[in-house]
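Nothing in this text is a laboratory measurement; each read-out follows from the coordinates by a stated rule. These figures come from a predicted structure and were not determined experimentally. No Cβ is skipped: glycine too gets one built from the backbone with ideal geometry, and neighbour counts run over all protein chains shown.
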Amino acid sequence: MSALPLRRSSGLSLAWPRFPASLLGLFICLAGGILVLRPLLDPDLGWHVRTGSLILATHHIPTVDPYSFTKAGAPWVEHEWLWQVAAAALNALGGQTAIVLANGAAVSGVLAFIYLRLRTRRIEPAYAAAGAGVALANLAVYAEARPGQVVALFTAAMLFGFERYRRGGNWRWLGVAPAAELLWANSHGSYVLGLLLCGLYGLAALWETGRWGALAPWALTGAAAVAASLINPLGVGLYRFTLGASQLSVNRQLVHEWKPPDFSDLSFAPILLTVLLLLALPAFLRVSPRGRAQQLLLVAGAGGALQSQQFILFFAVAAAPLAGELLQEAWPSRALTRLSAGSAVALALTLLGLTLAGPVTRLTPGAYHQAVAADYPVDAVAFIEAHQLAGPMWNEVDWGGYLIGALPRLPVFVDARTEMYGQRFEAETAAITFGTKPVAPVLQQYGIKLAMVNTHGAVAGELRALPGWRQAYSDKLAAVFVRAD
Amino acid sequence: MSTVAISSPACRRLPAIGNARLGTWVLPAFVAAVGAVVSLRPALDPDLGWHLRAGEAILASHQASHADAFSYTMAGKPWADFEWLWEAAATALHSTFGNVGLVAAGSGVTAIAVLLVYVYLRERRLTPLFAGLGAMAALLNLMPYAAVRPGMMGPLFLGLDLAIMERVRRGGRLQWLLALLPAQVLWANVHGSYIQAVLLCACYGVGLAWERRRWQAAGPWAALAAVLLTVSLANPLGTGLLRFTLGASGMRWNHNHNGEWLAPNFHSAGAWPLLATLLLTVAMVAARGRVAIGKPEALLLLGGTLAALQSNQFVPFYAVAAAPVTAQLVQGLIQRQVTLNPRLTHGLGFLAVLGLLLAGAVRGLQPAAYEAAVATEYPAGAVAFIQQRGLAGPMFNDFDWGSYLIGTMPWLPVFVDGRTEMYGDAFLNRYLRTANGLIDPEPVLDQYGVRLVLIKPDSALATTLRRDRAWSETYHDDVASVFVPVGSAG
């Protein structure tokens with residue numbers, strides 16, 4: 001902290017404190033953490049937490065389906081066990097609030113890694129904060145508490161380690177990659193992105209130097225990362241499973257996060273604007289990212305994010321922060337080096353405002369319940385429990401994960417574990433949900449006695465007209481039907 | 001036995017023939033020919049049916065339609081037929097040469113559009129090789145949209161406008177701009193994309209003012225935009241055309257459900273050229289090198305990218321105005337003169353490529369193949385069944401087939417078709433909820449006295465009607481199902 005003399009007419013000399021611009025980095029990290037403190041609405045959270053609890057209780061990772069009656073006992077590959085255990089432990093410790101807080105801390109950590117990576121690349125604090133801010137704009141919308149969130153954390157950690165190595169040549173920084181890969185492979189199927197990062201940096205080193213020898217550290221790091229990823233309950237089988245899941249066409253057609261972003265939807269505006277910004281800065285100001293690795297990250301990140309929402313977090317961490325670098329290259333002398341006391345107060349007030357408008361308002365029990373009830377059949381579940389209705393139960397696929405968590409007494413018909421249910425089963429269930437196939441034969445086949453469906457969906461329409469069924473409950477979101485006998 | 005001297009003058013000339021230069025016209029001719037040949041495919045645009053019927057009415061009455069004559073749900077309601085000129089021309093062609101005439105004309109439009117992109121890039125001082133590559137990038141992006149439809153006139157006029165504007169920007173005579181006026185009048189009478197000419201003026205005006213740091217530099221372009229907008233009013237709707245254009249773009253149904261208006265889906269092969277061009281552009285601007293494009297081009301690149309990512313409707317704009325910028329970026333990155341002086345061997349290679357493409361196109365245009373292509377997309381079998389049985393309406397039909405039915409069963413008015421602006425959000429939403437099984441279909445079918453339903457066999461409505469004892473499925477194939485009330489003549 002430095003002080004500048006301020007002259008007053010009285011002749012008295014006052015010193016107003018001035019703060020380093022790195023305060024902006026801290027501000028972005030805290031703001032990011034606060035912005036994602038919101039109710040947990042991920043559709044898969046129910047079965048993730050239940051599985052984590054199961055693992056903690058039995059010290060064993062389930063290998064067969066314990067949640068549905070349609071696939072009960074069928075083989076099930078649980079490859080996200082580590083995240084689930086952590087989530088269940090947090091849930092046991094402090095309920096969903098603990099998971100929300102941990103997610104906020106993770107997002108802050110991601111932004112800290114991004115800021116430090118940019119600083120390692122000799123980006124001025126203000127521009128590094130700007131880069132982290134652009135990353136935050138992309139992260140804020142998609143950083144839900146779910147296993148896929150680890151993409152952001154491990155990508156950020158690996159890129160930070162890689163840049164430290166490139167700057168100082170200390171090979172220990174490359175050790176971040178196998179360490180991250182070990183955790184990543186046991187938390188989410190996106191662990192292959194870690195190997196891609198090793199490949200990109202290796203390719204960049206070869207491109208920049210023209211020497212095959214430059215590839216060696218990255219090849220060794222990649223090999224160590226592959227070896228680390230094999231330390232998982234499935235061993236090599238994890239790679240087979242990941243490849244199989246990526247080839248399931250039903251995932252690309254039906255699973256929201258596998259679809260490409262729809263840029264006519266405002267929720268994707270941050271990605272669209274970031275892509276345009278990363279095009280506009282070089283096109284108008286004739287600047288480009290320094291180093292082949294950054295250029296490759298930009299192309300890989302943009303390509304991934306345009307192809308699938310799954311890669312938005314990767315884009316946010318790997319490519320979006322380059323905006324800060326480009327801004328510095330365009331205006332190298334305009335970086336803020338010190339912040340006035342007024343600016344520091346404004347930042348603190350903004351954090352306070354974000355806290356009051358965000359978590360303080362959104363995480364109250366009433367608001368939390370309301371947010372969950374807007375997406376999930378909370379009241380319908382209460383009705384079923386109050387009347388102790390019995391299954392087997394037909395349910396909408398989007399609610400399967402929630403019901404596994406909220407209604408553990410009743411096994412579900414289907415949920416979002418597409419790899420376990422298989423392409424054909426999921427496609428047929430979707431056809432019934434969309435009304436292109438009748439539900440009646442399936443009700444007959446599985447002896448279904450209870451159905452929880454979207455009030456305005458095609459299945460509800462069919463059940464209302466189907467002899468032998470009556471609607472026992474309905475609200476704006478869900479309707480409960482029971483077989484008359 | 002005598003021997004023939006191998007080193008005769010005729011033999012010595014052979015290598016010289018092989019090396020003969022073919023001139024600067026070969027590359028653009030090749031690009032245009034590729035554009036023409038790859039566009040030779042069956043006319044399957046979902047709106048072609050009503051366009052041709054509207055054209056017939058115009059040719060017969062010598063005036064554009066102002067009220068709906070094709071549906072029974074909107075019969076007599078106001079309808080703005082703003083593409084009347086294209087429809088009249090297409091109908092005249094169709095009545096003389098049949099579908100082949102339409103396909104050939106559509107292929108010619110694509111070829112000219114691509115050629116104009118080449119001319120535009122040459123005006124921008126790109127070498128013939130890179131101008132050819134830029135034109136190919138445009139063609140690649142146009143291909144998913146290159147069909148017999150009014151929308152393809154947009155790329156053609158856009159290419160023309162860009163070539164002329166670039167010539168004037170590079171010091172060409174201002175009189176060239178006069179050529180834009182008749183082009184704009186034609187554009188405003190063939191397709192709603194005429195408004196893009198004003199956007200081009202904006203990009204040039206703002207870009208040049210920024211480049212020269214003088215706002216006065218934007219003056220001529222603002223004046224040009226005003227003149228173009230004024231001459232656009234020379235159409236049957238007058239200022240109503242502007243209102244109509246803005247109104248159509250504000251329709252929620254179009255944005256939510258109309259495939260042409262939706263954002264590109266990069267899992268679909270049709271959007272891959274756009275994805276590939278976008279990524280190539282990102283790679284080019286990211287690469288350290290001389291990314292030397294002017295401000296107008298940068299604005300076209302950004303505007304085109306933004307628009308194309310937002311809606312499929314703007315991919316043709318991106319194809320002509322933004323995708324070719326990639327060729328300039330590549331040329332700037334290579335930083336050395338790369339030219340191609342086509343020789344006879346190149347020419348033979350080009351001819352071989354064209355021959356192969358043409359063979360594929362001609363095979364696809366054989367009558368049997370043409371009919372098979374139509375029958376894959378449209379309910380040709382169901383229409384034949386309805387005609388054979390003499391089934392009567394009112395008919396409830398699938399949205400995607402409305403125009404086809406207007407063309408093939410002119411005696412049976414449709415329930416709905418692709419003229420979304422005429423039907424409006426409320427009607428279309430009700431139709432969609434009925435077709436998707438989200439509401440009970442009976443009130444809708446009763447309200448319009450529907451006696452015949454022609455829908456996709458795997459639609460939710462088909463599932464609903466199959467279990468409804470009041471309806472009987474009298475026909476179905478892989479494409480369509482026909483339902484009639486139980487006990488009716490069907």
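General observations
- Partner chain coverage, peptide A:276-282 - average Cβ within 10 angstrom: 6
- For chain A, the longest principal axis of the Cα atoms and the long axis of helix A:292-307 meet at an angle of about 30 degrees.
- What the Cβ-Cβ distance of residue A:63 and residue A:471 gives, at R0 = 35 Å and to the nearest 0.05, is a FRET efficiency of 0.35.
- A simple spin-label model places pseudo-atoms 7 Å from Cα toward Cβ; at residue A:253 and residue A:331 they are separated by 5.0 nm.
- Degrees, to the nearest 10: B:272-286 long Cα axis against longest axis of chain B: 40
- Phi-based couplings in Hz for the stretch B:131-142 (Karplus 6.51, -1.76, 1.60; Gly and Pro marked x): 5, x, 5, x, 5, 5, 4, 4, 4, 4, 6, 6
- Each residue of the stretch B:423-430 was assigned a 3J(HN,Hα) from its phi angle through the Karplus curve 6.51 cos²θ - 1.76 cosθ + 1.60 (θ = phi - 60°); the sequence is 6, x, 4, 4, 4, 5, 5, 5 Hz, with glycine and proline shown as x.
- Assigned charges on the beta-carbon of Lys, Arg, Asp, Glu; the protein assembly as shown dipole about Cα centre (debye): 4120
- For the stretch B:186-251 versus the stretch B:300-314, the inter-centroid distance based on Cα atoms is 17 Å.
- Inter-label distance, residue A:246 to residue B:426: 5.1 nm, where each label sits 7 Å from its Cα along the C-beta direction.
- Once backbone amide H atoms are built at 1.01 Å from N, residue B:260 has no partners under 5 Å, excluding neighbours fewer than 5 places away on the same chain.
- Counting all C-alpha pairs of the protein assembly as shown, share separated by more than 45 Å (%): 43
- Rounded to the nearest 10 degrees, the angle from helix B:240-249 to the longest Cα principal axis of chain B is 80 degrees.
- Lys/Arg +1, Asp/Glu -1 at C-beta; the protein assembly as shown dipole; positive extreme among A:17, B:354, A:72: A:17
- Where labels lie 7 Å past Cα in the beta-carbon direction, separation of residue B:60 and residue B:246 in nm: 3.6
- Remark on residue B:397: its backbone amide H falls under 5 Å from those of B:415, B:416, B:454, a criterion applied only to residues 5 or more positions apart or on other chains, H modelled at 1.01 Å from N.
- Sequence-separation-based contact order of chain A, relative, with Cα cut under 8 Å and 6+ spacing, percent: 19
- The slack between residue A:208 and residue A:141, meaning 0.36 nm per residue of separation minus the straight C-alpha distance, is 20.6 nm.
- 3J(HN,Hα) from dihedral phi, the stretch A:375-387, Karplus parametrisation 6.51/-1.76/1.60, rounded to Hz, x for glycine, proline: 10, 10, x, 4, 6, 5, 5, 4, 4, 4, 5, 4, 9
- Calculated FRET value between residue B:181 and residue B:97, using beta carbons and R₀ = 30 Å, to 0.05: 0.45
- Within chain A, longest stretch clear of exposed trypsin sites (Lys or Arg not before Pro) (DSSP loop, no more than 14 other Cβ within 10 Å): A:212-408
- For residue A:472, the residues whose amide H sits under 5 Å from its own are A:480, A:481, A:482, ignoring neighbours fewer than 5 places away on the same chain, with H placed 1.01 Å from N.
- Residue (of B:90, B:162, A:482) at the positive-pole extreme of the protein assembly as shown, dipole from beta-carbon charges: B:162
- Rounded to the nearest 20 debye, the dipole magnitude of chain B is 2460 debye, with +1 charges on Lys and Arg beta carbons, -1 on Asp and Glu beta carbons, and the Cα centre as origin.
- Each Lys and Arg adds +1 at its Cβ and each Asp and Glu adds -1 at its Cβ; summed about the Cα centre, the stretch A:16-360 shows a dipole of about 1020 debye.
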